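The values are calculated or read from the model by the stated rules, or taken from the named source; none is laboratory data. These numbers were taken from a predicted model, which means no experiment stands behind them. Cβ placement follows ideal geometry from the backbone for every residue including glycine, while neighbour counts extend to all protein chains displayed.
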């Protein structure tokens with residue numbers, strides 16, 4: 001019964017993506033709002049921050065990555081903007097863990113460990129962005145289409161899969177979800193009098209349907225996956241790094257949200273159920289697991305640009321793991337050091353949030369705008 005229920009939720013999720021695409025396509029054709037919203041897409045740092053902000057608001061990188069893929073598929077976001085926004089979604093999902101850690105602020109020992117666990121997720125994503133962001137941006141300068149080396153590799157893989165440059169109307173997913181899309185389109189048309197407002201209503205209904213589908217998936221699978229998990233964590237799941245990585249990957253694929261799995265890890269690490277050194281491989285696996293949602297979104301919108309963004313998301317996390325797992329002592333030692341500071345003086349935790357999500361963005365925007373003006 002859980003399997004059947006999960007299949008229904010998956011169908012609703014795919015249908016919601018196509019409803020969202022239909023609404024945005026209608027709205028985009030009648031209004032220049034989305035074009036103005038992404039007017040600064042040429043600045044990759046602003047695209048990165050947009051991904052961070054949206055993920056912080058909706059508390060789901062799976063949702064944000066699916067939204068980005070859908071926007072690229074409908075032509076409302078360029079491929080170049082999409083890949084940098086995907087990077088931001090990875091950073092945004094780590095904010096929830098820091099907020100969860102702050103709940104233990106009165107118990108210093110637990111707070112130190114839980115905040116350290118949250119920092120490991122933050123540092124992995126931030127350090128990976130620090131490596132891939134400049135490489136992707138700079139290599140894009142030397143390519144005729146402006147695509148960086150990672151985007152080129154993802155586009156090549158998309159070409160190997162054999163997707164066309166435009167969406168195919170006979171896509172099996174589009175065919176089976178057509179009844180839901182047509183029904184929502186009819187409801188939107190009956191509720192409004194203009195094409196622009198119809199597009200907004202349909203897109204809003206698509207967003208609501210997507211949230212409902214994700215919530216139902218979480219409620220269906222999270223209970224079965226994480227019930228009585230404490231003892232299993234102590235005795236089996238986190239005995240080795242490969243096991244921790246696999247648990248993070250599989251659990252995130254099942255619940256369709258790295259925000260959920262990583263946030264659940266923070267209090268477990270704070271209580272001492274999971275050793276700190278096992279948290280990092282778990283977070284790496286969780287990050288890779290969340291890319292399944294963007295691949296599903298690209299399946300719902302089978303065109304080369306959408307699949308390229310989804311595959312870029314996969315490559316981003318695989319590359320980050322390939323770099324930082326062998327060098328795991330770096331993020332581990334930095335997280336333990338700063339977690340110790342925050343444990344002794346909690347104001348350091350708020351200083352971290354202030355610096356990472358306000359000071360650094362302002363400096364980054366200024367630096368990228370300067371480079372763009374000099375080109």
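Some observations on this one:
- Criterion: within 28 Å of residue 54 (Cα to Cα) and either at pLDDT below 70 or more than 18 Å from the chain's Cα centre (by Cα) (or both) - qualifying residue of 217, 283, 265: 217
- Close pairs (9 angstrom Cβ cut-off, 6 or more residues apart or separate chains): at positive phi and outside any helix (DSSP H, G or I) in region 353-375, exposed (fewer than 12 other Cβ atoms within 10 Å of the Cβ) and at pLDDT 75 or above anywhere: none
- All told, residue 157 meets the bar of being at pLDDT 80 or above and closer than 24 Å to residue 249 by Cβ.
- Scan of region 222-236 for residues that are modelled with pLDDT of 55 or more and surrounded by 12 or more Cβ atoms within 10 Å (Cβ to Cβ), ordered by number: 232, 233, 234
For (1) surrounded by 24 or more Cβ atoms within 10 Å (Cβ to Cβ); (2) on the phi > 0 side of the Ramachandran plot; (3) assigned to a helix (DSSP H, G or I); (4) modelled with pLDDT of 90 or more, each residue gets a yes or a no:
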| residue | (1), (2), (3), (4) |
| --- | --- |
| 76 | no, no, no, no |
| 89 | yes, no, yes, no |
| 96 | no, no, yes, no |
| 99 | no, no, yes, no |
| 116 | yes, no, yes, yes |
| 123 | no, no, yes, yes |
| 130 | no, no, yes, yes |
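- Here is the figure for region 330-349: residues that are free of Cβ contacts under 8 Å to residues at least 24 places away in the same chain and either on the phi > 0 side of the Ramachandran plot or surrounded by 13 or more Cβ atoms within 10 Å (Cβ to Cβ) (or both) total 2.
- Once region 51-62 is narrowed to residues that are in a helix (DSSP H, G or I) and surrounded by 24 or more Cβ atoms within 10 Å (Cβ to Cβ), the residue that is nearest to the chain's Cα centre (by Cα) is 61.
- One residue alone among 365, 360 is within 23 Å of the chain's Cα centre (by Cα) and within 21 Å of residue 148 (Cα to Cα), and that residue is 365.
- Checked against the criterion of being within 13 Å of the chain's Cα centre (by Cα) and either part of a helix (DSSP H, G or I) or touching a residue at least 24 places away in the same chain (Cβ under 8 Å) (or both), the candidates 295, 273 yield just one match: 295.
- Selection count where residues are more than 30 Å from residue 138 (Cα to Cα) and surrounded by 14 or more Cβ atoms within 10 Å (Cβ to Cβ), scope region 350-375: 1
- None of 342, 306 is at pLDDT 75 or above and over 30 Å from residue 178 (Cα atoms) except 342.
- Residue 239 satisfies every condition listed in (1) in contact with a helix residue (DSSP H, G or I) (Cβ under 7 Å, 6 or more places away or on another chain); (2) surrounded by fewer than 19 Cβ atoms within 10 Å (Cβ to Cβ); (3) outside any helix (DSSP H, G or I); (4) modelled with pLDDT of 80 or more except (1).
- Residue match in region 313-327 (condition: more than 22 Å from residue 241 (Cβ to Cβ) and in a helix (DSSP H, G or I)): yes
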